[in-house]
Every structure is written in structure tokens, then in C-alpha cells.
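Accompanying notes for the structure given below.
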Amino acid sequence: MTDCLFCRIVAGEIPATVVYETPATLAFRDISPKAPVHVLVIPKQHHADVAALGAADPALAGEVLASVAAVAEKEGLLEGGFRVVFNTGSAVGQTVFHAHAHVLGGRTYGDL
Ligand code: 5GP
Ligand code: ZN
């Protein structure tokens, strides 16, 4: 059994509110939303962060981005815009070491 939280969500061992799924990716609502829409998009296969994912499997990284686009469309974010964040490394706040895109919408954001 894995101790990776998001692998356990993929395996169905931990419940999540799934909003979109493809054979290779899963999108579910963040348990502690920071915006009116806050969805996490992950590859089902374990990679520690987006840098590892992009280096190991660029095609899968592309599938994650395609799912980000599908989630944005499904959640009605295309008109108002949305922000996509991949925290990479504990120094910038990554807490779950399974690559994930935060899709954030429904409010305004400051400059980066
Ligand atoms: P990070 O800080 O690694 O970029 O993002 C991890 C995210 O996972 C956080 O926004 C946190 O709220 C979310 N999270 C942590 N545990 C769970 C959980 O059990 N279920 C869901 N749906 N989200 C979680
Ligand atoms: Zn994992």
C-alpha cells in the first residue's frame, strides 16, 4: 500500500469529489478551497512534482494540461479567466508530493 495521498485517491481508498476523469488523469475538488472554484488535476501515475512529470513523461504532462482545459470549461472559467499553479518543492509550499495543478477561478488574483 502506498503512503501517497493522491495515489490513494486514485485507488479509491480515500474519497474525493471528482469533477473530471480521463484514463490517465483525475480532477477533484480541493478539500480546503482557496477560491470559489479550486480543483486539483493530477496524473494517475505517480510523479513527485511537475518537473519530474515533465522530464519523465511529456505526453502525460500534456494530458494533465488538456484536463486543466476541460475542467476550466466545465466549471465555467473560460470567460472570467483562471489561474493554474504547480507548487514545486516544499520551499514554495508543496505539501503533497504527487504532481498536481491547482485550477483556481471565480475571484480576482494579485500580481505574481
Ligand atoms: P500543495 O500545497 O502540495 O500545492 O497542495 C496540496 C493541496 O491538497 C492543498 O491545497 C490541500 O488543501 C489539498 N489536500 C490535502 N489533503 C487533501 C485530501 O485529502 N483531499 C483533497 N481533495 N485535497 C487535499
Ligand atoms: Zn502518488
Exercise. If the chain between Thr17 and Arg107 were fully stretched, how many nm would it gain, using 0.36 nm times the residue separation less the Cα-Cα distance?
Worked result: 30.3 nm
Problem set entry | Estimated 222 nm signal from helices in the chain, with DSSP H stretches of n ≥ 4 weighted -39500 (n - 2.57), rounded to 500 | -8000 deg cm²/dmol
Seminar exercise, completed: Among Val41, Val64, Val85, the residue with the largest mean-square fluctuation in a Gaussian network model of the chain built from Cα contacts under 10 Å is Val85
Seminar exercise, completed: Measuring from its Cα centre, the chain shows a charge dipole (+1 at each Lys and Arg Cβ, -1 at each Asp and Glu Cβ) which, in debye to the nearest 20, is 200
For this session: Grab the Cα-Cα distance for Ala52 and Glu79, subtract it from 0.36 nm times how many residues apart they are, and report the gain in nm with one decimal.
Result: 6.6 nm
Problem set entry | Options Gly80, Thr108, Leu53, ranked by Cα towards positive dipole end of the chain, top entry (Cβ charges) | Thr108
Exercise. Rounded, prolate or oblate: which fits segment 46-100, taking a ≥ b ≥ c as square roots of the Cα gyration tensor eigenvalues, rounded meaning a/c under 1.5, else prolate when a/b beats b/c?
Worked result: oblate
Seminar exercise, completed: In terms of the alpha carbon gyration tensor, root eigenvalues a ≥ b ≥ c, rounded if a/c is under 1.5 and otherwise prolate when a/b exceeds b/c or oblate, segment 5-105 is rounded
Seminar exercise, completed: SASA check, Thr108, accessible area w/ 1.4 Å probe, all protein chains in place, rounded to nearest 10 Å², comes out at 120
Exercise. Under a point spin-label approximation (7 Å from Cα along Cα-to-Cβ), what is the Val92-Asp3 distance to one decimal in nm?
Worked result: 2.6
Exercise. To the nearest 10 square angstrom, what accessible area does Asp49 show with a 1.4 Å probe?
Worked result: 30
Seminar exercise, completed: Longest principal axis of the chain (C-alpha) makes with the long axis of helix 58-74 (C-alpha) an angle, in degrees to the nearest 10, of 40
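The values are calculated or read from the model by the stated rules, or taken from the named source; none is laboratory data. Everything numeric in this text was worked out from a predicted model, so none of it was measured. Every residue, glycine as well, gets a Cβ built from its backbone with ideal geometry; the counts of neighbours run over all protein chains shown. Keep in mind that these areas ignore ligands, DNA and RNA; they rest on the heavy atoms of the full protein, side chains included. Shrake-Rupley method; radii C 1.70, N 1.55, O 1.52, S 1.80 Å.
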